[in-house]
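Heads up, the thing below is written out as structure tokens.
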């Protein structure tokens, strides 16, 4: 079942990711596969956390289903790596 905008993790996930990206990333590493994890990974990436932890973001990227959002995520990670070269 798709995860909606009203799911508690979706509603508060942005704050969590921005205030404690390490804890959010640890949860993502342990979370069971599914729509909720996929949505949380994209939120993690879109809030810029992937720029702070690009290797971790790349590992999460490969767990996502192939969608346009996955490609946006990868583009963000790669752009950050390139900017740091």
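The values are calculated or read from the model by the stated rules, or taken from the named source; none is laboratory data. On a predicted model such as this, the values are computed, not experimentally measured, just so you know. Methodologically, a virtual Cβ is constructed for each residue, glycine included, from the backbone with ideal geometry; neighbour enumeration extends over all protein chains shown.
A few remarks follow.
- Residue check for residue 1: modelled with pLDDT under 85 and within 22 Å of residue 74 (Cα to Cα): no
- Whichever residue in the stretch 1-11 is part of a helix (DSSP H, G or I) and out of contact with any helix residue (DSSP H, G or I) (no Cβ under 9 Å at 6 or more places or on another chain) and, among such residues, is surrounded by the most Cβ atoms within 10 Å (Cβ to Cβ): 11
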